[in-house]
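The values are calculated or read from the model by the stated rules, or taken from the named source; none is laboratory data. Small disclaimer: the values here were computed from a predicted structure and weren't measured. Methodologically, a virtual Cβ is constructed for each residue, glycine included, from the backbone with ideal geometry; neighbour enumeration extends over all protein chains shown.
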């Protein structure tokens, strides 16, 4: 394991209501950064951060857990937190020591009360945040509705860095607005392509 100077270490807390996909996102980050060699699944009970017997049985996060990966010369400590109301004090404690947070909002269920409460904790500790809209591959996923709920609930303008290509069964990937590329996922790999003509107005 490489040694990192303090300025090259970041603590990132993943927050949202219960069932939004926090643990699954952490698993994907670990796998994509090659910190792990397999993609764990909550339903299979083999994720890195939900390891307590009760968490495996109930398929929810009950306490916070930390995993780490290396990315672009930085060590990223990922803190997976509970999202159900009974366990939010643990989440609050994590936010008091974090450098930044990823807030997950489901494209199915939108912003829930627990997420609003956690957002207020993040405001209290002045934590920088980025919002990740999850579950775009599910039936009835609605990106625009999720963005609207984010702006209403958090009273802030939501400026997408990525927009989805399709939804549900037709979900193919995202438009990277920063680099103006279509990022498609197929056969376990991403490819960067030109933006389809029909999506250029949305990307612009």
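Some values worked out for this structure:
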| read-out | value |
| --- | --- |
| Count - residues of the range 169-181 that are part of a strand (DSSP E or B) and either surrounded by fewer than 12 Cβ atoms within 10 Å (Cβ to Cβ) or under 20 Å from the mean Cα position of the chain (by Cα) (or both) | 4 |
| Selection count, the range 147-160, where residues are within 18 Å of the chain's Cα centre (by Cα) and in a loop (DSSP other than H, G, I, E, B) | 3 |
| From 144, 137, residue being outside any strand (DSSP E or B) and surrounded by 15 or more Cβ atoms within 10 Å (Cβ to Cβ) | 137 |
| Flag if residue 198 is surrounded by fewer than 12 Cβ atoms within 10 Å (Cβ to Cβ), out of contact with any helix residue (DSSP H, G or I) (no Cβ under 8 Å at 6 or more places or on another chain) and not in a loop (DSSP other than H, G, I, E, B) | yes |
| Test: residue in the range 92-101 that is under 15 Å from the mean Cα position of the chain (by Cα), at pLDDT 95 or above and over 26 Å from residue 189 (Cβ atoms) | yes |
| Selection status of residue 188, touching a residue at least 24 places away in the same chain (Cβ under 8 Å) and out of contact with any strand residue (DSSP E or B) (no Cβ under 9 Å at 6 or more places or on another chain) | no |
| Some residue of the range 161-168 being over 23 Å from residue 111 (Cβ atoms) and either outside any helix (DSSP H, G or I) or out of contact with any strand residue (DSSP E or B) (no Cβ under 9 Å at 6 or more places or on another chain) (or both) | yes |
| Members of the range 5-24 that are more than 22 Å from residue 120 (Cα to Cα) and surrounded by 15 or more Cβ atoms within 10 Å (Cβ to Cβ) | 24 |
| Within the range 182-195, considering residues that are assigned to a loop (DSSP other than H, G, I, E, B) and at pLDDT below 85, the one nearest to residue 160 (Cα to Cα) | 188 |
| Candidate set from the range 106-129 (those that are in a helix (DSSP H, G or I) and surrounded by fewer than 19 Cβ atoms within 10 Å (Cβ to Cβ)); member that is farthest from the chain's Cα centre (by Cα) | 124 |
| Exclusive hit being touching a helix residue (DSSP H, G or I) at 6+ places or on another chain (Cβ under 9 Å) and free of Cβ contacts under 8 Å to residues at least 12 places away in the same chain, set 96, 106, 170, 156 | 156 |
